[in-house]
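Every number here is computed from the coordinates shown, using simple stated rules; none is lab data. Remember, it's a predicted structure, so these values are computed and weren't measured experimentally. Cβ placement follows ideal geometry from the backbone for every residue including glycine, while neighbour counts extend to all protein chains displayed.
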Amino acid sequence: MSLGRQPCVRHPSDASSGFNTSEHAYVAVPTFRSDPLDELVIPDGIHVEEHDLVTEGDVIIGSQSTVGFGIRAANVIAGERVDFGGHIEAEGDCRLDTWCTVADNVLVGEDAYLGERITIGGGLRVAGDLDIGDDVEIEEGFDANGRIIIRDPMPTIVFLFMYLSQLLRIGKEEAAEQLVESLVDEESEQNPVLIPKGSRVGDDAWQVSTPGRIGDDCRLHGNIRAESLVVGRQNEIFGSLRAREGITVGAETDVTGNVTTREGTVRIGPDARIRGDVSGEYVEVHREATVEGGIRATEEMTMVSEPVIDDSVVPETKSQQRVDERAGGDEQSQTSDEDPTADGSRPPKEGPEPSESD
């Protein structure tokens, strides 16, 4: 099914963003690629299951990227010319920029915003409103329970990114933080997955030209290539790690493959297991780590006893911090209820027992 230009349909202007998107008032505006993502971020607890990337948080993908698997997330946002090799299931909103292609179905729990010339190989099901651009092709038809508006909806997103970057440029960090909090679900307890512009990710490989960070308790398939790479604790990675600069592997992480860097330092944490070779300019291996292959260092190889990662690779969201604070407060309150002297005050002194004469 193709949605081409229809003269009888009025293309409303987007008053909230200040851009007019009608046919008679075309204004050239920057696209999502004007604010490219500069780092690969995979937060804690991300698993690739049955050819799907599954997360309770959001997924944000830079333009001109290829995603070889399906995505199941809270919200999905993609820049222009992003190629999805599977389906998309968004519990919240789904926003796709122009020239995106999706090989399978797109299921949206709230609202959908599709730019011009998007191709969907399956069907489109939207529980809320649908803003859709011109020349969108949907092979198996679409269904929306809310309003359907034919226009190019992306300028709203572009405006928000431009406004946010301008606030940061002039030093209005507090105003920028308030803007982000008003747009992002404050109750979300999961950091978003960030895939930078021009990436190639799938079951066999994750290739980015930027630094990368992987949180704790993740399960990933495929060789990972990045400018530099920091892997958190207790991860399972079925593939090799390669970076031009340094690579750090946290405690109890299992890597089935080689760990290689050309110009940087490789650091292996305690109880980590590398089922392959480790090579780099400098190599630091914890005394309690296991390397099943060979270790090659062009400059120096050392054994260390200190952890290679002290803090979380991907910091907690504000919602997670509030939950932790409330949990700590509840524990302290419970301790106070059980022990009246838990605040550090001394119990009152007991007076002498009365004698029989009294």
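Observations
- Put the Cα centre of the range 241-259 next to the Cα centre of the range 90-157 and the gap is 38 Å.
- Altogether, the Stokes-Einstein calculation at 37 °C and 0.692 mPa s, with the Kirkwood radius of the range 211-304 over Cα pairs as Rh, returns a diffusion coefficient of 265 µm²/s.
- Exposure proxy ranking for W99, W206, based on other Cβ atoms within 10 angstrom of each Cβ and starting from the fewest, stands as W99, W206.
- Neighbour-limited loop hits for GluC sites (Glu not before Pro), the range 44-83 (at most 11 other Cβ within 10 Å; DSSP other than H, G, I, E, B): E50
- Within the range 79-99: backbone nitrogen closer than 17 Å to the L168 label point (7 Å, Cα to C-beta): 79
- Each of S305, S240 was scored by other Cβ atoms within 10 Å of its Cβ. Listed from fewest to most, they are S305, S240.
- Counting neighbouring Cβ atoms within 10 Å and putting the fewest first, the residues D217, D97, D111 line up as D217, D111, D97.
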